[in-house]
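Encoded as structure tokens, the structure appears first; notes follow it.
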Amino acid sequence: MRTNTGQIIHLEDYRPTDFVLERVDLTFELDPKETKVEARLILHRREGVDASAPLVLDGDELVMTGLLVDQEELAAALYDVTDDTLTIRGLPETAPFEVTITTMLSPETNTKLMGLYRTNSVYCTQCEAEGFRRITYFPDRPDVLAVYTVNIIADKKSAPLLLSNGNYLGGADMGDGRHFAAWFDPHPKPSYLFALVAGDLGVVEDTFTTLSGREVALKIYVEHGKEPRASYAMDALKRSMKWDEEVFGREYDLDIFMIVAVSDFNMGAMENKGLNVFNDKYVLADPETATDADYANIEAIIAHEYFHNWTGNRITCRDWFQLCLKEGLTVYRDHEFSADMRSRAVKRIAEVRHLKSEQFPEDAGPLAHPVRPTKYREINNFYTTTVYEKGSEVTRMLATLLGRDLFKKGMDLYFDRHDGQAVTIEDFVACFAEVSGRDLGQFSLWYHQAGTPLVTASGAYDAAKQTFTLSLEQTLPPTPGQSAKEPMHIPLRMGLLLDNGAEADLSSVSGADITGDVLHLTERKQTVVFSGITSRPVPSFNRGFSAPINLHIEQSDDDLALIARHESDLFARWQALNAIALANLVSATADVRAGKSVTVERALIDGLIGAAADDRLEPAFRSQALSLPSEADIAREIGADNDPDAIHAARQQVLKAIAVAGRETFLRLADEMASKAAFSPDAESAGRRALRNAALTYLVHGEDKPARAAEAFAAADNMTDLSHALALLAHRFPDATETAQALATFRQRFADNALVIDKWFAVQATIPGAGTLDRIKTLMTEPLFNGNNPNRVRSLVGSYAFANPTGFNRADGEGYRFLAKQILDIDPRNPQLAARILTSMRSWRSLEDVRAGHARNALKEIASATKLSADVSDIVERMLK
Ligand code: ZN
């Protein structure tokens with residue numbers, strides 16, 4: 001286990017390496033327990049570096065069996081090996097030299113899934129962020145770019161397939177039952193983009209002809225027999241390649257592009273040059289086993305990894321502090337891709353829901369950090385929604401500020417100027433400052449200041465003067481290590497809606513710059529006066545969620561309802577409905593805690609049912625309108641002293657009231673939206689399924705018997721409908737015989753499909769209420785559970801901790817104690833997985849005192865364990881600080 005030294009890395013300490021790496025030749029002799037790796041590094045001392053400076057290479061859990069410099073064995077006095085370094089002295093002053101290192105690895109016993117490991121008998125690597133140092137001693141940092149040649153030798157029968165980055169050079173039979181293959185990647189790359197895969201896999205093949213007419217071979221490797229389930233991924237890949245050419249002018253740059261699906265993977269997928277490795281959950285899909293959400297995820301992640309070829313691989317990060325340079329930008333690109341493939345407004349709603357439910361809590365809790373952090377202890381813990389999702393939002397704001405054409409110009413300059421380099425956020429922003437002539441200094445604070453800005457707004461209409469005065473104020477709450485903050489440049493897209501649904505002209509304004517419908521909020525307090533406003537307007541703020549902020553404005557339900565009906569921006573309509581719902585759910589929660597009966601506002605009922613019934617709107621949008629804020633959304637809005645049981649009870653009552661009031665509409669929709677045609681995963685068909693299932697949800701909540709849900713379960717002919725019906729049964733009627741039967745049927749039917757069984761675990765892990773913990777303990781003894789597989793652990797333990805507010809936050813603290821035990825159990829095997837699941841407790845301080853006390857004790861129990869990994873100890877210590 002990587003020792004928990006507590007050492008902190010600081011951005012300001014960045015220095016280039018003393019030695020320049022020119023070339024890397026790797027030879028792997030693969031064996032499950034005794035893989036031999038020979039690494040030949042060609043290096044030279046950087047100009048100006050002291051002749052006595054030693055070469056210091058990184059390593060992690062390595063066994064070195066050979067070390068040569070220029071083919072000669074090195075005297076013991078000239079090198080040192082520690083737990084995590086190899087230091088070599090006495091190297092040439094100017095001439096290039098060659099270091100040859102031999103290491104022995106045991107892929108089979110590598111349970112951390114970093115470096116070279118085995119998954120279902122396939123050899124596979126994961127090197128980002130610091131996994132290459134688990135393969136050989138190396139300058140394992142992203143600013144060391146080199147050209148790689150890779151030779152792979154393996155048993156021919158068990159590993160007929162030998163893959164690495166770049167283009168295939170050739171191979172041969174070795175006559176002894178083994179064979180070899182050689183690969184050459186002409187593009188200089190950092191070690192984190194290295195990949196090797198070897199094993200026996202099936203393949204789906206296709207080709208893509210690039211903009212300039214080059215033919216690229218496309219291959220997706222999956223377990224034998226699963227080939228038909230890779231066709232949607234292949235289709236998404238081809239659409240991604242085409243889109244990146246059309247929208248960003250980016251062409252693919254090798255003869256072959258490969259994707260390998262593996263079943264043991266810590267993350268979603270990895271963008272290794274020319275050889276992406278995927279968690280199979282983001283490759284495999286067919287109507288019987290994948291939901292519409294699975295299809296959408298596959299499309300987005302295939303695109304994301306492919307887009308990294310330019311944003312991440314051709315231009316990479318100087319150091320890991322710059323992670324958002326590749327991740328935020330690439331998420332922005334995949335969001336835009338999906339918006340072009342599907343409904344833009346619906347996609348935006350889904351993005352904002354995700355941002356608010358995952359990133360906002362992170363930014364409001366003990367793990368808050370800037371999009372571009374300045375220090376870290378364990379880089380694995382910085383693959384966060386702040387770096388990814390908020391990083392994407394910052395890129396989006398840049399595009400909003402500059403407008404489409406200048407943004408495109410800035411991107412072109414970035415690609416042009418920095419191709420082949422490892423750069424910083426400052427380099428990126430400079431491209432946009434240069435093409436626009438703008439000072440982006442204040443805007444850059446978005447990268448440096450953590451926390452979600454709060455904007456409060458109030459408006460006053462003066463009928464005599466025909467003016468509308470807006471008083472705006474921004475505040476940025478303190479976050480760990482940052483107490484005082486500067487005001488930010490917040491691009492707020494807005495409109496002033498008039499009674500008749502028309503929009504006021506915004507051009508006659510003082511107190512703020514407005515371009516198009518973008519109001520530039522740059523001061524702590526700003527008073528903005530619009531003139532020529534002929535009747536009292538209703539302001540609609542943050543159209544399209546132009547800035548990732550919390551907005552507080554006193555607005556009546558009537559005004560919100562006007563926005564919900566008349567806004568030209570569909571996202572803003574949804575936002576207004578959501579605001580009505582959230583306010584009602586917060587007051588309902590207070591009612592429940594006060595022992596009063598819950599009031600459900602007419603505006604909420606009418607707004608939701610009105611949107612649901614509006615045939616002019618697309619079904620996917622209507623389903624989003626119907627979906628109430630989650631229990632976590634309500635908790636976040638309340639902010640402190642939260643009682644998850646009260647929130648749950650309040651939400652259930654509101655749901656039921658809407659169900660009763662809208663019964664006719666929901667019956668009609670359940671019928672109308674039923675599909676007569678064969679299944680198709682396209683966005684429109686998915687939207688109809690979503691609306692039908694939303695209607696069913698209400699119908700089932702308005703009834704006391706499980707019959708309707710059980711019927712839906714029996715009638716379902718695709719996984720979207722089937723898993724939805726199963727969740728309705730399990731969550732609404734956990735103890736009904738219908739539920740037990742459905743769970744048993746589902747298990748039996750899909751027992752040999754691990755990805756579907758994950759849904760079965762997750763649905764049970766998220767049953768509300770205190771009783772679920774016992775169910776989970778039983779499920780952990782189930783033969784289909786496997787504590788070594790990350791997907792399985794996430795589906796059971798992760799779903800419970802992240803997505804079951806009442807079940808996990810039991811008032812007696814048993815949920816937290818259970819989690820602590822699981823974390824300590826997982827940590828020695830797979831620290832990354834343990835640390836990630838532990839972040840489910842990031843909002844513990846916003847719970848009421850009794851639960852918060854139990855949560856603190858559970859965290860302390862973890863913190864006091866002997867032998868914690870750096871990953872878990874970093875998270876737990878920040879959470880307790
Ligand atoms: Zn990425």
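Among the residues of the range 706-724, the one identified as farther than 24 Å from Ser799 by Cα, of a type in the set (Gly, Ala, Ser) and touching a residue at least 24 places away in the same chain (Cβ under 8 Å) is Ala707.
Kindly indicate the residue of the range 275-329 that is among the basic types (Lys, Arg) and under 17 Å from the mean Cα position of the chain (by Cα) and also farthest from the ligand (Cβ to nearest atom) among those meeting that condition.
Taking the range 275-329 and keeping what is among the basic types (Lys, Arg), we get 281, 314, 318, 326.
The next check asks that each one be under 17 Å from the mean Cα position of the chain (by Cα); those that pass are 281, 326.
Details: Lys281: 16, Lys326: 6 Å.
Among those residues, the one meeting the criterion is Lys281.
Given the criteria aromatic (Phe, Trp, Tyr), touching a residue at least 60 places away in the same chain (Cβ under 8 Å), part of a helix (DSSP H, G or I) and within 16 Å of the ligand (Cβ to nearest atom), does Tyr388 qualify? Reasoning before the result, please.
Working: aromatic (Phe, Trp, Tyr): yes; touching a residue at least 60 places away in the same chain (Cβ under 8 Å): yes; part of a helix (DSSP H, G or I): yes; within 16 Å of the ligand (Cβ to nearest atom): yes.
Against the criterion (aromatic (Phe, Trp, Tyr), touching a residue at least 60 places away in the same chain (Cβ under 8 Å), part of a helix (DSSP H, G or I) and within 16 Å of the ligand (Cβ to nearest atom)), Tyr388 qualifies.
With a requirement of 3 or more residues that are modelled with pLDDT of 95 or more and more than 19 Å from Asp140 (Cβ to Cβ), the strands (runs of 3 or more DSSP E) lying completely within the range 19-77 that satisfy it span 63-69.
State all residues of the range 725-758 that are touching a residue at least 60 places away in the same chain (Cβ under 8 Å) and in a helix (DSSP H, G or I); if no residue qualifies, say none. Can you show your working first?
Residues of the range 725-758 that are touching a residue at least 60 places away in the same chain (Cβ under 8 Å), as a first pass: 750, 753-756, 758.
Scanning the range 725-758 gives Phe750, Ala754, Leu755, Val756, Asp758.
The residue that is farthest from Ala269 (Cα to Cα), among those in the range 391-420 that are away from the ligand (no atom under 16 Å from the Cβ) and acidic (Asp, Glu), is Asp405.
Within the range 659-678, which residues are buried (at least 17 other Cβ atoms within 10 Å of the Cβ) and either of a type in the set (Gly, Ala, Ser) or under 23 Å from Ala293 (Cβ atoms) (or both)?
Listed by number, the residues that qualify are Ala659, Ala661, Gly662, Phe666, Leu669, Ala670, Met673.
Could you tell me which residue of the range 331-370 is farthest from Pro478 (Cα to Cα), considering only residues that are of a type in the set (A, V, I, L, M, F, W, C) and not in a helix (DSSP H, G or I)?
Narrowing the range 331-370 to residues of a type in the set (A, V, I, L, M, F, W, C): 331, 337, 339, 341, 345-346, 349-350, 352, 355, 360, 364, 367-368.
From what is left, the residues that are not in a helix (DSSP H, G or I) are 364, 367-368.
Numbers: Ala364: 9, Leu367: 12, Ala368: 10 Å.
Ranking the qualifying residues of the range 331-370, first place goes to Leu367.
Kindly indicate the residue of the range 165-211 that is among the aromatic types (Phe, Trp, Tyr) and either assigned to a strand (DSSP E or B) or over 27 Å from the mean Cα position of the chain (by Cα) (or both) and also surrounded by the most Cβ atoms within 10 Å (Cβ to Cβ) among those meeting that condition.
So the first thing to find is which residues in the range 165-211 are among the aromatic types (Phe, Trp, Tyr), and the list is 168, 180, 183-184, 192, 194, 208.
Those left that are additionally either assigned to a strand (DSSP E or B) or over 27 Å from the mean Cα position of the chain (by Cα) (or both): 168, 180, 183-184, 208.
Values: Tyr168: 16, Phe180: 18, Trp183: 25, Phe184: 16, Phe208: 18.
In this case the residue turns out to be Trp183.
Taking first residues from the range 830-859 that are at positive phi and partners that are at pLDDT 95 or above, no Cβ contact under 7 Å between residues at least 6 apart in sequence or on separate chains turns up.
Given the criteria assigned to a loop (DSSP other than H, G, I, E, B), in contact with a helix residue (DSSP H, G or I) (Cβ under 7 Å, 6 or more places away or on another chain), in contact (Cβ under 8 Å) with a residue 24 or more places away in the chain and hydrophobic (A, V, I, L, M, F, W, C), does Ala811 qualify?
Yes; evaluated as a whole, the condition is true for this residue.
Out of all the residues in the range 126-149, is one or more within 40 Å of the chain's Cα centre (by Cα) and surrounded by fewer than 14 Cβ atoms within 10 Å (Cβ to Cβ)? For the range 126-149, residues within 40 Å of the chain's Cα centre (by Cα) and surrounded by fewer than 14 Cβ atoms within 10 Å (Cβ to Cβ): absent.
So if I check each of Ala690, Ala686, Ala678, Ala674, which one is at pLDDT 95 or above, farther than 23 Å from Arg344 by Cα and either in a helix (DSSP H, G or I) or not β-branched (Val, Ile, Thr) (or both)?
Details: Ala690 fails: farther than 23 Å from Arg344 by Cα; Ala686 fails: farther than 23 Å from Arg344 by Cα; Ala678 fails: at pLDDT 95 or above.
When all the criteria are applied, what remains is Ala674.
Filtering the range 601-624 to residues that are among the hydrophobic types (A, V, I, L, M, F, W, C) and touching a residue at least 60 places away in the same chain (Cβ under 8 Å) leaves Ala612, Ala620, Phe621.
Rundown of residues vs (1) under 22 Å from Leu196 (Cβ atoms); (2) in contact with a strand residue (DSSP E or B) (Cβ under 7 Å, 6 or more places away or on another chain), yes/no style:
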residue	(1), (2)
Glu38	yes, yes
Ile42	yes, yes
Arg46	no, yes
Thr103	yes, yes
Lys112	yes, no
Tyr117	yes, yes
Ser121	yes, yes
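In the range 345-380, the residue that is surrounded by the most Cβ atoms within 10 Å (Cβ to Cβ) out of those that are within 16 Å of the ligand (Cβ to nearest atom) and of a type in the set (S, T, N, Q) is Asn380.
All conditions in (1) in a loop (DSSP other than H, G, I, E, B); (2) within 16 Å of the ligand (Cβ to nearest atom) hold for Ala450, with the sole exception of (2). For the range 247-265, a residue qualifies if it is buried (at least 21 other Cβ atoms within 10 Å of the Cβ) and within 16 Å of the ligand (Cβ to nearest atom), and the qualifying residues are Arg250, Ile259, Phe265. Checked against (1) closer than 13 Å to Arg133 by Cβ; (2) exposed (fewer than 14 other Cβ atoms within 10 Å of the Cβ); (3) touching a Lys or Arg at 6+ places or on another chain (Cβ under 9 Å), Asp58 passes all but a single condition, namely (2). Taking the range 454-558 and the strands (runs of 3 or more DSSP E) fully enclosed by it, the elements with 2 or more residues that are over 35 Å from the mean Cα position of the chain (by Cα) are at 454-462, 467-475, 525-531. The C-beta contact set for the range 86-99 (first residue farther than 18 Å from Glu47 by Cα, second residue charged (D, E, K, R) and modelled with pLDDT of 95 or more, distance under 9 angstrom, 6+ apart or interchain) comprises Leu86/Asp58; Leu86/Asp80; Thr87/Asp80; Ile88/Asp80; Val99/Arg40; Val99/Asp70. In summary, Leu237 fulfils each of the numbered conditions (1) more than 16 Å from the ligand (Cβ to nearest atom); (2) crowded, with 22+ Cβ neighbours inside 10 Å with the single exception of condition (1). One residue stands out among those in the range 330-344 that are surrounded by 24 or more Cβ atoms within 10 Å (Cβ to Cβ) and within 11 Å of the ligand (Cβ to nearest atom): the one that is nearest to the chain's Cα centre (by Cα), which is Val331. Filtered by the rule that a residue be outside any loop (DSSP other than H, G, I, E, B) and over 13 Å from Leu196 (Cβ atoms), the range 123-139 gives Arg133, Phe138.
In this entry, Tyr221 is excluded by the filter for residues that are at pLDDT 95 or above and either surrounded by fewer than 24 Cβ atoms within 10 Å (Cβ to Cβ) or touching a Pro at 6+ places or on another chain (Cβ under 8 Å) (or both).
Within the range 322-342, residues that are without any contact (Cβ under 8 Å) to a residue 60 or more places away in the chain and more than 22 Å from Pro142 (Cα to Cα) have Cβ atoms under 7 Å from residues that are within 9 Å of the ligand (Cβ to nearest atom) and of a type outside the set (Phe, Trp, Tyr) in these pairs: Asp334/His304, counting only partners at least 6 apart in sequence or on another chain. Tallying residues that are charged (D, E, K, R), more than 28 Å from Ala855 (Cβ to Cβ) and assigned to a loop (DSSP other than H, G, I, E, B) within the range 615-647 yields 3.
Every test in (1) surrounded by fewer than 24 Cβ atoms within 10 Å (Cβ to Cβ); (2) in a helix (DSSP H, G or I); (3) touching a residue at least 40 places away in the same chain (Cβ under 8 Å) is passed by Ala865 save one, and that test is (2).
The values are calculated or read from the model by the stated rules, or taken from the named source; none is laboratory data. Here the structure is a predicted model, which is why all the values come from computation and not from measurement. No Cβ is skipped: glycine too gets one built from the backbone with ideal geometry, and neighbour counts run over all protein chains shown.
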